[in-house]
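Reading through the structure tokens given below for one structure.
The values are calculated or read from the model by the stated rules, or taken from the named source; none is laboratory data. This one's a predicted model, so the numbers in the text were calculated from it and none came from an experiment. We place every Cβ from the backbone using ideal geometry, glycine too, and count neighbours over all the protein chains shown.
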Amino acid sequence: MPRADWLIPLSHDHHQALVLARRARLAGQGKPSPDGRSLEKDEVWNEVEEKFKSELAPHFDQEESILLPAMKRAGEEELVEETLRQHREIRSCLVEDGGDLASRLLRFGELLDAHVRFEERTLFEVAERTVDRAAQSELIRVRQEQ
């Protein structure tokens with residue numbers, strides 16, 4: 001099913017997030033990239049940190065400041081709380097020092113992959129039916145300003 005126009009930019013972000021999640025998982029498992037190149041854990045972790053700051057954090061912020069409040073107003077409290085829980089868990093991967101780098105990469109990759117799939121299959125499906133036009137317009141405006 002095609003995505004609503006106002007959600008397409010957030011959905012496109014998910015493609016890049018899945019690529020990052022896969023790289024993190026492969027590096028955490030000590031496996032090469034699909035093209036056979038070695039994935040150095042330190043380099044991939046640096047990529048995770050950079051892409052979180054430049055791509056994932058702004059994406060989360062847009063969801064948390066516009067999309068999720070609109071969904072909460074529409075009565076979707078459980079979905080909103082689950083999304084916020086997942087955001088907190090992904091953020092915690094970047095600040096926790098526990099575990100070796102391979103474990104952190106693997107955990108980050110698994111959490112991000114599951115989160116993107118949850119949003120695409122569940123959250124966005126409900127959002128298309130429940131988010132008011134004002135919030136839709138605000139998301140479009142914010143994305144255009146980027």
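Just the residues that are within 18 Å of residue 113 (Cβ to Cβ), touching a Lys or Arg at 6+ places or on another chain (Cβ under 8 Å) and surrounded by fewer than 20 Cβ atoms within 10 Å (Cβ to Cβ), please, taken from region 6-29.
11, 16
Looking at region 59-68 only, could you name the residues that are surrounded by 15 or more Cβ atoms within 10 Å (Cβ to Cβ) and either within 11 Å of residue 127 (Cα to Cα) or within 15 Å of the chain's Cα centre (by Cα) (or both)?
Hits for region 59-68 are 59, 60, 62, 63, 67, 68.
Go through region 22-49 and count every residue that is polar (S, T, N, Q) and in contact (Cβ under 8 Å) with a residue 12 or more places away in the chain.
Final tally of qualifying residues: 1.
The rows are residues; the columns are (1) out of contact with any His (no Cβ under 9 Å at 6 or more places or on another chain); (2) part of a loop (DSSP other than H, G, I, E, B); (3) farther than 21 Å from residue 145 by Cβ.
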{"site": "6", "(1), (2), (3)": "yes, no, no"}
{"site": "33", "(1), (2), (3)": "yes, yes, yes"}
{"site": "37", "(1), (2), (3)": "yes, yes, yes"}
{"site": "46", "(1), (2), (3)": "yes, no, yes"}
{"site": "54", "(1), (2), (3)": "yes, no, no"}
{"site": "60", "(1), (2), (3)": "no, no, no"}
{"site": "72", "(1), (2), (3)": "yes, no, yes"}
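In region 66-104, how many are under 17 Å from residue 53 (Cβ atoms) and not basic (Lys, Arg)?
Total meeting the criteria: 7.
Which number in (1) within 23 Å of residue 19 (Cβ to Cβ); (2) modelled with pLDDT of 95 or more marks the one condition that residue 101 misses?
Residue 101 satisfies all of (1) within 23 Å of residue 19 (Cβ to Cβ); (2) modelled with pLDDT of 95 or more except (2).
Go through region 115-146 residue by residue and tally those that are at pLDDT 95 or above and not in a helix (DSSP H, G or I).
The number of residues fulfilling the criteria is 2.
Would you call residue 83 at pLDDT 95 or above, in a helix (DSSP H, G or I) and surrounded by fewer than 14 Cβ atoms within 10 Å (Cβ to Cβ)?
Answer is no for this residue.
Identify all residues within region 50-64 that are closer than 30 Å to residue 77 by Cα and free of Cβ contacts under 8 Å to residues at least 60 places away in the same chain; write none if there are none.
Scanning region 50-64 gives 51, 52, 53, 54, 55, 56, 57, 59, 60, 61, 63, 64.
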